[in-house]
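Laboratory data are not the source of any read-out in this text; all were calculated from the coordinates shown. None of these values were measured; they are calculated from a predicted model. Ideal geometry is used to build each Cβ from the backbone, glycine not excepted, and the neighbour counts take in all protein chains shown.
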Amino acid sequence: MAQVDAITARISYRDVLSNHKLSGLLVGFLIGLLGGTLNCSRSPVSKSSPDYMKAVEDARKAKDKSFKEETTSPIPVTAKPSFTGLAYYPIDPQFRIEIVAQPFGQHDTVEMLTSSGEVRSYLRYAFADFPVAGQRARLTIYALKKEGRVHYFLPFKDSTNGTETYPAGRYLEVEIDSQWRTVLDFNKAYNPYCAYNRDYSCPIPPGENFLKIPIRAGERYLEVKS
């Protein structure tokens, strides 16, 4: 059976699934690394401040180190000797966007196909309507509910897929506070694990999350040859 992808591993760590191969330690590390510690009730760090830029740079370095050294890394063992780090766009503050998400009146269930042909169920939880790259865009935020807790998931595609970024799309970590405020930080957009290893099973972004504009932020596509 295919391994479970990073976003599902994140949810699994919190109590939803059990068949992933990431260690609890690494998953917890990646949750904080990729934005899981967002607290919208506090004043956010200025997106153009040196602290913000350094935080993103440090997170990228830490992830590269983890992918290089951890036994639970999606990078195949045979490819690790030549692996020097992931490919990223330069950090661009305009791609960190603070918004108020709009909840759907009814949380319909969506069946997402994965790269391995499996199907996973998510809830259409809220949508984000926001300006980016000089245009308006809209993305749906999905969720899993378990024992009173909500875990958010934002997969998306854009016009860079297949040329500059992974063809099947990328993922974004989001948290939503009690006032529905959230931050879409595309500088932290990341590739699913199946971009580096076909043994993983990755949810494919639904058609409603296909953007016709380029999102030149976050991780680029890096072909890993084992």
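Highest mean packing first, where packing is the average number of other Cβ atoms within 10 Å per residue, the peptides 104-113, 59-68 line up as 59-68, 104-113.
Computed from the alpha carbon positions, the gyration tensor of region 129-226 leads to an equivalent ellipsoid with semi-axes of 23, 19, 11 Å, biggest first.
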